[in-house]
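Shown next, in structure tokens, is the structure this report addresses.
The values are calculated or read from the model by the stated rules, or taken from the named source; none is laboratory data. All values reported here derive from a predicted model rather than from experimental measurement. Note that we place each Cβ from the backbone using ideal geometry, even for glycine, and neighbour counts take in every protein chain shown.
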Amino acid sequence: MTNHTPSFPVLDDFPEFSTPALPVPERARPRNRLALHIGLFILTLITATLAGTSFYLSYLHGLGKLPPAFDVSLVLGGLWYSGTFLAILGAHEAGHYLYCRRYGLDASLPYFIPVPFTITGTLGAVIRIREPFRTRTELFDVGIAGPVGGIIVLIPALFYGFTLSTIVPEPTSGTVMYFGEPLLFQWVAHVVIGTLPQGSTINVHPVVWGCWFGLFATALNLLPFGQLDGGHIVYAVFGERIAKIVSAVTALGLAAMIGLSITWIVPTVMLLAMWRWIGLRHPVPLNPYEPLSSGRRAFALIALVALVLCFTPTPIRIEDLVRA
């Protein structure tokens, strides 16, 4: 995610993408506060690792089939989750940052956001881009680079995580938290594990949990709204008028989905707050009339496919199971 106005070298494989960067006026640029960035990352690693401990204990005890026995040494097991999730988030922000550097844009290092005592342990990460984009090409490349970078890390990690997962009997009693399965999640699970026996479920490894939250974060960033990555892509492809319409429809549509899962309350509040305080108007590039190449327009369809593959309508639901 980028702040203000938000890839990977894969874009350079397309000849039509070789757009020369415009010269940047020389000026004094703020220095990155390296100690702050490192400190926030360490704090986020700690809070995410503590959150990952619950996933690791659940995995060890087969979804709670045995009474969980907490041991301080088991906190290290939380690194499976935190390492995976933060690697995905880091690759996402690295994509934005590297393409900012490619175009000579002044951007900060990532700010990781620790949130203790939550299911994720973090609200993700963000970079600041401290000057306007000059062309729609720059806006598109920097915007799409983050999701591409995250997915490059996410897919092999998801395959690996499922190889560490086990098959256990499905719970029949107690309170159970169900997590929705995005299409990409389902496909990888089927390739690695195959068809499950009746009455069974997957006891997923913490690496898979890190990937699940990575999928959720990627889907949120690809939503075509305002200054999210998906909003940058829509603006670069269609221009300001259509981007504002799409942003409004996205926010209202997400609000309607609260009826399917209360999980959408927090993202909806965030989008509505951005709508209220920032508005739907997107920062205009210095050269807003520069045409976007056909190759990039085609690549935007890939971003749409990625959104569909990472999205789930009901991310989390809780059920009380009654033994028959």
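Results, tabulated for the structure shown:
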| item | result |
| --- | --- |
| Verdict on Glu240 being touching a His at 6+ places or on another chain (Cβ under 8 Å) and modelled with pLDDT under 95 | yes |
| Check on Pro267, assigned to a loop (DSSP other than H, G, I, E, B) and either within 23 Å of Ile144 (Cα to Cα) or within 18 Å of the chain's Cα centre (by Cα) (or both) | no |
| Unique residue being in a helix (DSSP H, G or I), touching a strand residue (DSSP E or B) at 6+ places or on another chain (Cβ under 9 Å), at pLDDT 95 or above and of a type outside the set (D, E, K, R) when the list is Gly146, Gly150 | Gly146 |
| Any chance Ala48 is crowded, with 24+ Cβ neighbours inside 10 Å, more than 13 Å from the chain's Cα centre (by Cα), assigned to a helix (DSSP H, G or I) and of a type outside the set (Phe, Trp, Tyr) | yes |
| Residues that are part of a strand (DSSP E or B), surrounded by 15 or more Cβ atoms within 10 Å (Cβ to Cβ) and acidic (Asp, Glu), drawn from the stretch 278-324 | none |
| Test: Thr195 is in a loop (DSSP other than H, G, I, E, B), touching a Lys or Arg at 6+ places or on another chain (Cβ under 8 Å) and over 30 Å from Ser294 (Cβ atoms) | no |
| Qualifying residue in the stretch 238-247 (condition: assigned to a strand (DSSP E or B) and among the charged types (D, E, K, R)) | no |
| Test result for Pro224, touching a Ser or Thr at 6+ places or on another chain (Cβ under 9 Å), farther than 29 Å from Gly77 by Cα and surrounded by fewer than 13 Cβ atoms within 10 Å (Cβ to Cβ) | no |
| Condition check for Glu138: crowded, with 24+ Cβ neighbours inside 10 Å and more than 18 Å from the chain's Cα centre (by Cα) | yes |
| Selected residue (criterion: modelled with the lowest pLDDT) from residues of the stretch 158-183 that are surrounded by fewer than 22 Cβ atoms within 10 Å (Cβ to Cβ) and of a type in the set (A, V, I, L, M) | Val176 |
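Matching residues to (1) over 14 Å from Trp209 (Cβ atoms); (2) at pLDDT 90 or above; (3) of a type in the set (Ser, Thr, Tyr); (4) touching an Asp or Glu at 6+ places or on another chain (Cβ under 6 Å):
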site	(1), (2), (3), (4)
Asn32	yes, no, no, no
Thr44	yes, yes, yes, no
Ala51	no, yes, no, no
Leu60	no, no, no, no
Ala69	yes, no, no, no
Gly90	yes, yes, no, no
